[in-house]
Amino acid sequence: MIAIERLDSPRLSMIWWLIGGTILGCGVLSKYTMGLAVPTGFVSFLLVSRRWRQWLPGYIAHGVIAFIVASPILFYNIGQNFEPLLFQMRHVAEKVPSSLRSFGDFVGVQVLAFGTMPFFLFPWVCYRARRLSQDPCLRVCLCLYALPLAFFLYKSTQTRLEGNWALVCFISFWPLASEWYRSVRTSIHWRRATAASFLPPILSVLAIVIHLIRPSPLVPIKADRVYRQIAMNAAAAEVARKIHARGESLPVYTDTYQSTALLRFQLLDARQIADLTRPSHFTRPPRHLTDVKRAYVVMPNPLPEKFSEGFGPPELLDSVPVIYRGETDRTLHIWLYSKPD
């Protein structure tokens with residue numbers, strides 16, 4: 001999208017299209033929602049009073065470059081019968097029982113992460129769209145901020161959105177905020193309101209830091225995801241140490257994709273058992289304990305019989321408690337499952 005800023009030059013250099021396509025492709029590799037830059041960038045060109053022949057060939061070339069850079073996503077999905085992309089599409093299409101709650105959750109998470117200004121200035125940006133479009137740089141920021149944010153605000157009334165999906169919107173917001181601030185900086189009230197808009201993320205970070213130093217009794221232990229994650233990391237490392245110490249290289253099955261990720265990080269051949277809990281396309285293809293003859297299973301409880309048909313009674317090898325804030329949240333048992341000879 002760098003080439004958009006060069007439209008006022010006598011001649012568009014193809015190198016800018018190549019650089020812009022490379023950056024866009026890397027963005028799509030990091031987050032699927034970065035793909036919204038393609039239609040919003042196209043809209044930004046339509047707002048330019050120039051003939052389409054001057055920019056459309058370059059825009060197509062930049063799209064081809066972005067597609068090539070992001071092609072690992074395509075190759076991976078081809079190998080998985082496009083299940084990862086279908087998984088995300090089904091996730092987006094899920095309906096929520098309370099649209100007001102899901103909308104409030106989405107806005108609340110964004111406010112805690114970025115402050116109130118991105119939402120407070122949204123009406124101002126829409127009202128000033130014509131004037132902002134006269135500046136090439138602000139025109140790009142306008143399209144990359146307002147259009148995706150409007151889309152996410154609408155979708156949040158229909159389905160539950162992940163907190164980081166809207167990151168693509170806020171990258172281009174701050175130049176627009178700077179333009180607004182120049183018009184109100186002489187008012188002490190607006191200067192104070194601008195500073196106050198950053199209080200939510202500042203207070204959130206301070207609260208987390210203080211909680212890490214000294215746990216707050218206001219946060220229930222079972223709901224303390226910060227300390228729980230620290231304890232789960234330590235427990236996964238201890239499980240891996242005990243399994244490695246046995247010296248027998250066997251696959252390790254577990255119940256959730258989160259546990260699978262933690263154990264893989266510890267260099268274990270970890271696999272999520274299919275149909276036991278919510279799947280993840282990062283743990284595909286679906287794995288079943290019945291695919292092997294011997295394996296470790298790391299879970300708080302033995303597997304239900306329908307997931308271990310053909311195996312003898314599991315042998316309990318060891319146990320690792322998950323302890324944080326002085327209480328045991330769960331205990332990870334290391335079971336050895338073997339099929340009779």
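The values are calculated or read from the model by the stated rules, or taken from the named source; none is laboratory data. None of the values given here were measured: they were computed from a predicted structure. Note: ideal-geometry Cβ built from the backbone for every residue, glycine included; neighbour counts use all protein chains shown.
Structural remarks
- Taken as a whole, segment 283-293 holds at least one residue that is at pLDDT below 95, farther than 28 Å from Leu212 by Cβ, touching an Asp or Glu at 6+ places or on another chain (Cβ under 7 Å) and crowded, with 17+ Cβ neighbours inside 10 Å.
- Across segment 81-115, the qualifying residues are those that are part of a helix (DSSP H, G or I) and basic (Lys, Arg), and the one among them that is farthest from Pro200 (Cα to Cα) is Arg90.
Each row is one residue, and each column tells you yes or no for (1) touching a His at 6+ places or on another chain (Cβ under 8 Å); (2) modelled with pLDDT of 90 or more; (3) surrounded by 15 or more Cβ atoms within 10 Å (Cβ to Cβ).
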{"site": "Lys95", "(1), (2), (3)": "no, no, no"}
{"site": "Ser102", "(1), (2), (3)": "no, no, yes"}
{"site": "Val109", "(1), (2), (3)": "no, yes, yes"}
{"site": "Cys126", "(1), (2), (3)": "no, yes, no"}
{"site": "Phe152", "(1), (2), (3)": "no, yes, yes"}
{"site": "Ile188", "(1), (2), (3)": "no, yes, no"}
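- Residues (at pLDDT 85 or above, exposed (fewer than 13 other Cβ atoms within 10 Å of the Cβ) and more than 17 Å from Val28 (Cα to Cα)) located in segment 43-77: Leu46, Leu56
- Screening Ile188, Ile221, Ile202 for residues that are more than 24 Å from Leu132 (Cβ to Cβ) and out of contact with any Gly (no Cβ under 9 Å at 6 or more places or on another chain) leaves exactly one candidate, Ile188.
- Scope segment 1-42; condition modelled with pLDDT under 85, of a type in the set (Gly, Ala, Ser) and out of contact with any helix residue (DSSP H, G or I) (no Cβ under 8 Å at 6 or more places or on another chain); matching residues: Ser9
- Search result, residues across segment 243-254 that are crowded, with 19+ Cβ neighbours inside 10 Å, outside any helix (DSSP H, G or I) and of a type outside the set (S, T, N, Q): Val252, Tyr253
- Summed over segment 265-281, the residues that are surrounded by 16 or more Cβ atoms within 10 Å (Cβ to Cβ), in contact with a Ser or Thr (Cβ under 9 Å, 6 or more places away or on another chain) and not aliphatic (A, V, I, L, M) give a count of 2.
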